[in-house]
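J.: Below is a structure I'd like to ask you about.
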Amino acid sequence: MSHLAIRVEGLSKRFCIGERQPAYRTLRDSLTDALATPFRRAWKLFNRRSSDAEGSKETIWALKDVSFQVKHGEILGVIGRNGAGKSTLLKILSRITPPTGGFAEIRGRVGSLLEVGTGFHPELSGRENIYLNSAILGMKRAEIGRKFDEIIAFAEVEKFIDTPVKHYSSGMYLRLAFSVAAHLEPEILIVDEVLAVGDASFQKKCLNKMEDVRKHGRTVLFVSHNLPAVTRLCGRAVLLEEGTVLQDGPSHQVVGNYLSSGLATTAAREWPDPSRAPGNHIVRMRAIRVHTEDGETTDVVDIRKPVAIEMEYEVLQPGHVLVPCMGFENEEGILAFVVSDRDPEWRRRPRPKGTFRSTAWIPGNFLAEGRLIVGAGVLTEDPFIIHFDENPAVSFLVVDSLDADSARGDYAGRLPGVVRPLLQWTTAFRTY
Amino acid sequence: MEIKVSALDMKESGPVFPEEAAPLLRIEPPKGSVSLGLREVWEYRELLYFLIWRDIKVRYKQTVLGAAWAIIQPLFNMLIFTLFFGRLAKMPSDDIPYPIFSFSALVVWTFFSNALTHSSNSLVGSANLIKKVYFPRLAVPVAAVLSGVVDFALAFVVLLGMMSYFRIAPTWNSVWLPLLLLLALVTALGVGLWLSAINVQYRDVHHTLPFVTQFWMFATPIVYPSSLLPEPWRTIYGINPMAGVVEGFRWALLGTDTAPGPIIIVSAVAAVALLVSGAFYFRRMENSFADVV
């Protein structure tokens with residue numbers, strides 16, 4: 001208890017739908033309603049079943065009985081789909097909106113960043129906006145004065161500091177806004193999606209700043225759609241789904257689980273019922289899984305480490321030359337590559353009846369970060385027959401590290417490409 | 001939202017970490033009772049200062065005439081009133097030149113009506129802030145009212161200039177002027193708190209406001225003197241707090257002999273009632289602002 005920074009107990013929030021969507025009512029709304037009501041009633045006569053949902057007091061539980069704890073110095077990631085309740089949770093913890101039930105306890109000065117540049121006024125200069133925005137975020141005037149030069153330097157807008165921000169480029173605007181936010185020094189920082197801004201070099205600065213925050217032993221609650229960032233920055237993550245906590249654990253596991261649940265494929269699958277397994281009368285799939293060098297099944301793979309895809313299949317009819325093969329697709333649906341089994345032992349050699357297990361090893365420092373969807377099948381090359389082709393079969397997430405020893409080096413932004421090999425480089429140098 | 005801040009009892013919790021000295025914040029569903037939370041507003045006084053400062057800075061940006069607008073508005077009203085009510089309708093003016101008679105009232109009335117309009121629209125105008133940051137919401141309408149004081153000061157200087165032109169010296173009773181201004185401020189804030197909170201839910205306020213202020217202006221002795229009314233009615237007239245303010249202004253500055261004591265007392269009571277009720281209503285509605293605005 002004494003080490004806790006945040007304790008959330010049974011937190012719930014109910015919205016009346018009428019309160020949420022039509023943000024405000026005017027007389028005109030009421031008049032339109034009055035005109036529309038007869039039609040809606042007529043519609044209801046034809047659609048009896050929907051009448052239950054028509055009650056004017058319809059409510060939504062944005063959060064329902066959410067409980068978790070955050071220790072001092074911990075970075076907790078909160079993930080979940082749109083509408084899962086992440087924003088509502090942050091708004092309650094930031095005291096912007098009150099809960100309907102339960103409670104939360106926070107120990108320490110809270111700074112919350114639900115948006116960068118809140119309260120920026122386009123007519124005011126960069127200098128003036130720094131003061132205004134800092135005050136809005138809860139900084140004292142003396143504190144702002146002390147950090148002023150640092151804020152400008154971080155944002156790289158020295159030259160335009162007395163220009164109204166409406167003349168700023170969007171990049172400059174965001175840099176200034178984030179810079180103010182980054183110099184907020186609360187004991188507990190609540191952050192929503194701020195890393196989604198700015199160009200790549202600025203994003204790296206932001207990630208480094210978050211690292212700093214962690215090194216200073218501050219507590220961070222970090223909500224993001226940027227799953228690689230969550231796995232990189234957070235030790236622990238909470239997965240929200242329809243307002244409840246679905247999973248709370250190490251961020252790699254939670255992120256992996258979240259991804260696989262979204263796609264309904266996982267790092268391991270089995271077909272216990274042979275009649276439903278992919279295959280034909282010659283060969284049939286039994287199981288497939290993604291595992292590490294230690295043989296541990298995993299959803300999340302370090303970009304630097306090799307990963308294995310292991311498939312188990314049963315040969316039902318002897319005497320066929322069989323070639324297991326796999327295809328790897330990324331999240332954008334781009335096929336990264338296909339491979340087929342070139343194990344010399346079984347090359348052009350008819351297989352007997354029995355259970356086989358074929359494993360393909362993908363080297364470390366080869367795939368780009370992101371999710372990969374694996375399709376797996378067995379075929380015969382001559383004559384060409386596809387016995388089965390299960391796609392998607394499994395999926396896994398490759399995460400890059402910030403340790404600077406992968407191919408990304410010191411660059412923390414988004415890197416394109418489906419592969420990310422760590423190549424050997426040579427440099428020739430001649431001076432004039 | 002009920003917020004309790006309590007320092008932790010250190011003896012109770014074994015090993016002492018620096019963090020444990022930090023206050024504990026408890027976030028719970030709102031309870032029935034409402035406190036005004038004035039202490040918290042005080043803690044956020046720097047934000048209040050910056051909000052006022054922003055309003056003043058931004059108000060006349062990108063206008064050709066700039067701060068002159070603060071003077072033009074009451075000045076043109078004065079010209080029109082002098083022409084129609086003073087010259088054509090021969091309205092009595094307590095033996096004071098009609099331009100001064102109307103302008104002295106218009107200076108404080110313009111402050112009031114602008115303060116009322118700005119504060120009523122202030123929460124809706126700050127919707128973005130309210131949905132993203134926590135701070136005592138009272139700061140928003142309060143800042144909107146206070147930022148108008150600068151405009152008032154400018155118009156007041158013009159009034160003094162006009163008085164010297166008409167060779168009217170301010171009386172010693174002018175020391176009461178700040179209190180009368182405070183009365184106008186309290187009235188504007190009281191009504192502004194009500195209307196800004198209602199405006200969050202029903203934007204009809206925004207459309208009703210110009211009509212209300214115009215009606216209120218003619219219900220206030222600006223173009224005519226309250227001495228037109230016989231006595232018991234004149235004091236009752238003070239229920240409109242601006243009647244007390246305007247009469248008080250003329251008395252303090254120009255020395256009209258219509259001793260406005262009773263009317264000002266009635267006005268002060270009415271203004272305080274408006275402010276207190278407005279503040280409680282505002283606090284009660286405050287919790288839903290972020291969800292509704």
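J.: Taking beta carbons within 10 Å but only from partner chains, what does the mean come to for residues A:99-108?
T.: Average per residue, whole number: 5.
J.: Further question: Does region B:36-292 come out rounded, prolate or oblate, given a ≥ b ≥ c as the square roots of the eigenvalues of its C-alpha gyration tensor, rounded meaning a/c under 1.5 and, failing that, prolate meaning a/b above b/c?
T.: The shape class here is prolate.
J.: Can you list residues from other chains, or at least 5 along the same chain, whose modelled amide H is less than 5 Å from the amide H of A:GLU331?
T.: A:ARG371
J.: Pull up all non-local amide H partners of A:HIS320: gap of 5 or more, or a different chain, and H-to-H distance under 5 Å with H placed in the peptide plane.
T.: Residues meeting the criterion, in which the H sits 1.01 Å from N, are A:ARG351.
J.: Based on Cβ point charges of +1 for Lys and Arg and -1 for Asp and Glu, what charge dipole magnitude is obtained for the protein assembly as shown about its Cα centre, in debye rounded to the nearest 20?
T.: 1140
J.: Straight-line reach from A:LYS205: which lysines have Cα under 30 Å away, leaving out those fewer than 8 places along the same chain?
T.: Cα-Cα hits under 30 Å: A:LYS71, A:LYS86, A:LYS91, A:LYS140, A:LYS147, A:LYS159, A:LYS166, A:LYS215, A:LYS305, B:LYS131, B:LYS132.
J.: Rounded to a whole number of µm²/s, how large is the Stokes-Einstein D of the protein assembly as shown at 10 °C and 1.306 mPa s, given Rh as the Kirkwood radius over C-alpha pairs?
T.: Roughly 51 µm²/s, to the nearest whole number.
J.: Among B:PHE249, A:TRP346, A:LEU137, flag the residue with its Cα farthest along the positive direction of the charge dipole of the protein assembly as shown, charges on Cβ as +1 for Lys/Arg and -1 for Asp/Glu.
T.: Checking the options against the dipole of the protein assembly as shown, the answer is B:PHE249.
J.: Considering every residue in B:59-69, what mean count of other chain Cβ atoms within 10 Å of its Cβ is obtained?
T.: Mean shielding by partner chains, rounded to a whole number: 1.
J.: Which percentage, to the nearest 5, of the DSSP beta bridges contained in region A:268-399 is antiparallel?
T.: Approximately 95 percent, going by the DSSP bridge assignments.
J.: Same structure again: Out of the DSSP beta bridges found with both residues in region A:61-257, what percent are antiparallel (nearest 5)?
T.: Rounded to the nearest five, the antiparallel share is 30 percent.
J.: Let me ask something else. Could you size up the charge dipole of region A:63-186 around its Cα centre, putting +1 on the beta carbon of Lys and Arg and -1 on that of Asp and Glu, and report it in debye to the nearest 20?
T.: 380
J.: Something else now. For a quick protection proxy, order the peptides A:301-308, A:133-140 by their average other-Cβ count within 10 Å, most packed first.
T.: Descending mean neighbour count gives A:133-140, A:301-308.
J.: How do A:LYS86, A:LYS166 line up, fewest other C-beta atoms within 10 Å first?
T.: The most exposed by this proxy come first: A:LYS166, A:LYS86.
J.: List the residues whose amide H sits under 5 Å from the amide H of A:GLN247, counting only those 5 or more places along or on another chain, with H placed 1.01 Å from N in the peptide plane.
T.: Hits under the 5 Å cutoff: A:LEU239.
J.: Size of the dipole of chain B about the Cα centre, Lys and Arg at +1 and Asp and Glu at -1 on the beta carbon, nothing else charged, in debye to 20?
T.: The calculated dipole for chain B is roughly 580 debye.
J.: From the residues A:SER395, A:THR244, A:ILE60, which one has its Cα farthest along the dipole of the protein assembly as shown in the positive direction, the dipole being from +1 and -1 charges on Cβ of Lys/Arg and Asp/Glu about the Cα centre?
T.: A:ILE60
J.: Follow-up. Inside 10 Å of the C-beta atoms of B:204-213, what's the mean count of C-beta atoms belonging to other chains?
T.: Rounded to a whole number, the mean comes out at 1.
J.: Once Lys and Arg get +1 and Asp and Glu get -1 on their Cβ, which of A:GLN253, A:VAL70, B:TRP216 lies farthest toward the positive end of the dipole of the protein assembly as shown?
T.: Checking the options against the dipole of the protein assembly as shown, the answer is B:TRP216.
J.: Filter the trypsin sites (Lys or Arg not before Pro) in region B:51-93 down to the DSSP loop ones having no more than 15 other Cβ atoms within 10 Å, then list what survives.
T.: Loop-located and lightly packed - B:LYS61, B:LYS90.
J.: May I ask what percent, to the nearest 5, of DSSP beta bridges between residues of the protein assembly as shown are antiparallel?
T.: 80
Bear in mind that the values in this text are calculations on the coordinates, not laboratory data. In this text the structure is predicted, and so the values were computed from the model without any measurement. Cβ coordinates were reconstructed from backbone atoms using ideal geometry, including for glycine residues, and neighbour counts include every protein chain displayed.
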